[in-house]
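**Student:** So that we are looking at the same thing, I have put the structure below in C-alpha cells.
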Amino acid sequence: MFTQLTERLQGVFGKLGQRGMLTEDDVASALREVRMALIEADVALPVVKQLMATVKEQAVGEKVLKAVQPGQQVLKVVHDALLESLGEPAELNVSGKLSIILMAGLQGSGKTTTAGKLALKLKNEGKNVLLASADIYRPAAREQLATLAERVGVGMVEIHHEQPLDIAKRALKTAQEEDVQVLIFDTAGRTDLDEAMLAELKQLHELLKPSETLLVADALTGQSAVKTAQAFTEQVTLTGVVLTRMDGDARGGAALSLRQVTGVPIKFAGVGEATDALEVFRPKSVADRILGQGDVISLVEKIQQATAGEEDAQQKFQEKLLSGKPMTMDDLKQQFNFMRKMGSFKGLMGMIPGLGGMGKALQNSNIDEKKLVAHNVAIINSMTKKERREPSLLNASRRKRIAAGAGVEVADVNKLVKMHRQMNGMAKMFAGGKMNPMQLMQQMQRLK
C-alpha cells in the first residue's frame, strides 16, 4: 500500500534536501509535484485541494524559507497535513450492556470476513460476541459467517428461512437471552449500489439502533470506494470505516479520502486473509509510511503477538534491536521463526524505516517466502555453534560444507550471509533511525 505515492514524495523531498535554503519558487515547484503525486495515487480531488491549501499556507513562510534543513521542514508540513486529512484515531463504541455493530458495504468488499475478524478481536478483549447475518441473497453467505464464527470461537444466530428484518428481531432476542455484550450484524451487499439494498440497510439501522455502523470498503477499488461511501452516508449514519486489503498494491487514495468524504474515522484496516489480520487504524503510522518513515508501532505489535509466551526471547530481541548490537545467526533464525507467525517479508519490510524497497523487490521477484524461510533455517541448523556466533568465520570451504548439510546450493548460503548483514543494518536503523529508542520503548510499554 502507498508504494507509488511514497516513492514520488521521497523523490520530491530528496530534491529539497539537496538545497541549503529554499526560495518561494522552490516550494511552489515541490508542492506541484506533491499535488500530482496525490492525484496519481487516486486521492479524491476535493481532498487534494484541501491538503494542498493546508500545506501551502504553512510551507511558504519565513521559518521554512530560512531554515537550515528546509526540506525536512516541508516534509513535516506535508506530514501534518496528511494527519489532518486522516483524522484522529477512534476507538470502537462497545461500552454498553449490549452493543450492536452493523456491518455495511458492497459485495466483495470483505464485509463478512471482516465481521469474523472483528468478532475474534472483541472476543480476545474479553467480550461475549454473537454474529448474525441478514444476507439472504448471496448463496451460502450466512453459512460462510457461521463457519467463521466456529473458527474464531463465538456464537452465531441460527439460520432459518426468514426475511432480514425478522432475522434482526430474532438476533436481538437471542443476544438479550444469552447476555451477549456485542452483536455483530452482517448485512447484504450487491456488486453495485442499488436502491433496494440501501432501503433494506436503512430499515435494519432503524430497527437495531446500532452503537456502531461500520462501512467496509476495499482499498483496491480507489475512487469507487469513495463513491460507495458517499452513497451509504446519504442513507444511514455511519460511525466508522473499515478499509480492507490494506496490505495490497493499491495506490492509497481511498485511505486518504474516505475520512473527509464520510466525516467519520477509519477505525480498522484489514491486512491479510487470516482471522487475526485486522489492525487498529493509526493515522500517524499511515502518514509515516506514506512519507517513507515506516510503521514501527505496527511492527512492534506483530512482534508481541508472535512472541506471546516467549517474553524472555522478546525482551532480548527488543534490547538488541534498540542497541544496534550485531545479531548472530541464532538471532536471525529466531527472527525467521517470528516471521513465520507475523506474515510476509514484504509486509514487514514496509513497516521498517528505509526498507520499503526490500519488500517491493521481494514482491517483484516472486519468491516463495515459506520455502525461503525453511531453507534458511536448514542452513543455520547446519552451522556449528561457533559459526552461528561468528558468521565472519564462514569461508568458502565452510559454506560448501554447510550447503551440503542443508541440501542447498552454496549460493543460497551466500544469500543468507548477506541477509544477516542486512539484519544487522536494520538493528542499527532502529537504534539511530527515525524514532529514537526512548520513544520506541515508550510505545512498546503502552502496547503491553
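The values are calculated or read from the model by the stated rules, or taken from the named source; none is laboratory data. Computed from a predicted structure; not experimentally measured. Here Cβ is always computed from backbone atoms with ideal geometry, including for glycine, and neighbour counts include all displayed protein chains.
**Student:** Would you tally the residues in segment 224-257 being acidic (Asp, Glu) and modelled with pLDDT under 80?
**Tutor:** 2
**Student:** Right, something else. Of all residues in segment 96-109 being surrounded by 24 or more Cβ atoms within 10 Å (Cβ to Cβ) and not β-branched (Val, Ile, Thr), which is farthest from the chain's Cα centre (by Cα)?
**Tutor:** 102
**Student:** Looking at the structure I just gave you, is residue 232 over 22 Å from the mean Cα position of the chain (by Cα), farther than 20 Å from residue 281 by Cα and in a strand (DSSP E or B)?
**Tutor:** Judged against the criteria, residue 232 is not a match.
**Student:** Let me ask you something else. Can you name the residue in segment 128-140 that is in contact with an Asp or Glu (Cβ under 9 Å, 6 or more places away or on another chain) and surrounded by fewer than 19 Cβ atoms within 10 Å (Cβ to Cβ) and, of all such residues, is modelled with the highest pLDDT? Reasoning before the result, please.
**Tutor:** From segment 128-140, those in contact with an Asp or Glu (Cβ under 9 Å, 6 or more places away or on another chain) are 128, 130-136; that's our starting set.
Those left that are additionally surrounded by fewer than 19 Cβ atoms within 10 Å (Cβ to Cβ): 128, 136.
Details: 128: 96, 136: 92.
So, considering only residues that are in contact with an Asp or Glu (Cβ under 9 Å, 6 or more places away or on another chain) and surrounded by fewer than 19 Cβ atoms within 10 Å (Cβ to Cβ), the one modelled with the highest pLDDT is 128.
**Student:** Being touching a Ser or Thr at 6+ places or on another chain (Cβ under 6 Å) and of a type outside the set (A, V, I, L, M) is the filter; apply it to segment 77-107 and report the residue that is modelled with the lowest pLDDT.
**Tutor:** The qualifying residue modelled with the lowest pLDDT is 107.
**Student:** Which members of segment 407-421 meet the condition of being in contact (Cβ under 8 Å) with a residue 12 or more places away in the chain and exposed (fewer than 12 other Cβ atoms within 10 Å of the Cβ)?
**Tutor:** 407
**Student:** Can you give me the ranges of the helices (runs of 4 or more DSSP H) entirely in segment 111-207 with at least 1 residues that are closer than 27 Å to residue 235 by Cβ and in contact with a His (Cβ under 9 Å, 6 or more places away or on another chain)?
**Tutor:** 164-177
**Student:** Moving to a separate point now. Take residue 227 and decide whether it is of a type in the set (Lys, Arg) and under 24 Å from residue 119 (Cβ atoms).
**Tutor:** Here the answer is no, as residue 227 does not meet what is asked.
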